[in-house]
Amino acid sequence: MLILALAVSACARAAPRCDRQAAHEFAFTGAEKSEIAIARSIGADCDKAIGVYTLLDSEARPLWSWSAPLERAYGDVFPSGDTEAMDSFLQRWTEPTLARTPAAPEWELLAPGQTVLDRTTYEDLRARDLPMLCHYSGAARQTCVFWEPAAGLAGHFYDRDAAAEPAPEPEAPQ
């Protein structure tokens, strides 16, 4: 019984988990629609958390999801136990860049591995002027997603370097 009490006491004193969440509402699929980007950190500690970026439609149906260990995607910038820094990061992460598919680079300008689409599909999506959402997927990388209204789905369009825009990094501990 004493061992059980000590174990419970130790768990109560353990560092807080880094299960955090932020949300941001915006229009992506159409002017009258309202989508929500939800960014989550899941982990025993902030320096070991997994990041999950989810896009939901106005009826809370998932349209797109992306996940990775945050340390692998952003580097060793998440302080252990600093939930305030994580909250700030997640809030900034939920704010995507919205554009249209013609803003994507022409096929010839893509680097190998920037898209998983074949040339015909990629060029067709660019020409159709569809909504495009880009969210950070690393310190200097964004993943761009297109919205296909006829099929009612979002799909991975291409990845781009985001050197022109600062990545949402955790604030330095004070």
Note to self: Show the residue pairs meeting these rules: Cβ distance below 9 Å; 6+ apart or different chains; first residue within the stretch 53-64 and among the acidic types (D, E); second residue part of a strand (DSSP E or B) and open to solvent by 30 Å² or more (accessible area, probe 1.4 Å).
What the structure shows: D57/I36
Item checked: Odd one out for Q21, checked against (1) closer than 20 Å to F146 by Cα; (2) among the polar types (S, T, N, Q); (3) modelled with pLDDT of 95 or more -> (1)
Check: Any idea which residue in the stretch 48-75 is nearest to Y158 (Cα to Cα), counting only those that are charged (D, E, K, R) and not in a loop (DSSP other than H, G, I, E, B)?
Finding: R72
Margin query: Of all residues being in a helix (DSSP H, G or I) and out of contact with any Asp or Glu (no Cβ under 7 Å at 6 or more places or on another chain) in the stretch 90-110, which is surrounded by the fewest Cβ atoms within 10 Å (Cβ to Cβ)? Just the residue, please.
Written below: E108
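Could you grab me the full set of residues in the stretch 155-168 that are open to solvent by less than 80 Å² (accessible area, probe 1.4 Å), part of a strand (DSSP E or B) and at pLDDT below 95? Please lay out each step first, then the result.
Initially, the stretch 155-168 is screened for residues open to solvent by less than 80 Å² (accessible area, probe 1.4 Å), giving 155-160, 162, 165, 167-168.
Applying the additional criterion that residues be part of a strand (DSSP E or B) yields 155-160.
R160, the sole residue that qualifies.
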Checklist line | Complete set of residues in the stretch 24-45 that are in contact (Cβ under 8 Å) with a residue 60 or more places away in the chain and either more than 27 Å from A150 (Cα to Cα) or not in a loop (DSSP other than H, G, I, E, B) (or both) | finding: H24, F26, A37
Next item on the list: Could you check, for the stretch 116-130, whether at least one of its residues is at positive phi, charged (D, E, K, R) and in contact (Cβ under 8 Å) with a residue 12 or more places away in the chain?
Entry: yes
Next item on the list: Could you grab me the full set of residues in the stretch 124-151 that are modelled with pLDDT under 95, assigned to a loop (DSSP other than H, G, I, E, B) and more than 23 Å from W93 (Cβ to Cβ)?
Entry: P149, A150, A151
Check: Out of curiosity, is R119 among the basic types (K, R), within 24 Å of P149 (Cα to Cα), under 19 Å from the mean Cα position of the chain (by Cα) and surrounded by fewer than 16 Cβ atoms within 10 Å (Cβ to Cβ)?
Finding: no
Notebook entry, point to check: For residues in the stretch 52-83 being surrounded by fewer than 15 Cβ atoms within 10 Å (Cβ to Cβ), over 21 Å from A151 (Cα atoms) and at pLDDT 95 or above, which is farthest from the chain's Cα centre (by Cα)?
Noted result: P69
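The values are calculated or read from the model by the stated rules, or taken from the named source; none is laboratory data. Predicted, not measured: the structure shown is a model, and the values here were computed from it. Neighbour counts run over all protein chains shown; Cβ positions are idealised from the backbone, glycine included. Surface accessibility is based on the protein's heavy atoms, side chains included, excluding ligands, DNA and RNA. Shrake-Rupley method; radii C 1.70, N 1.55, O 1.52, S 1.80 Å.
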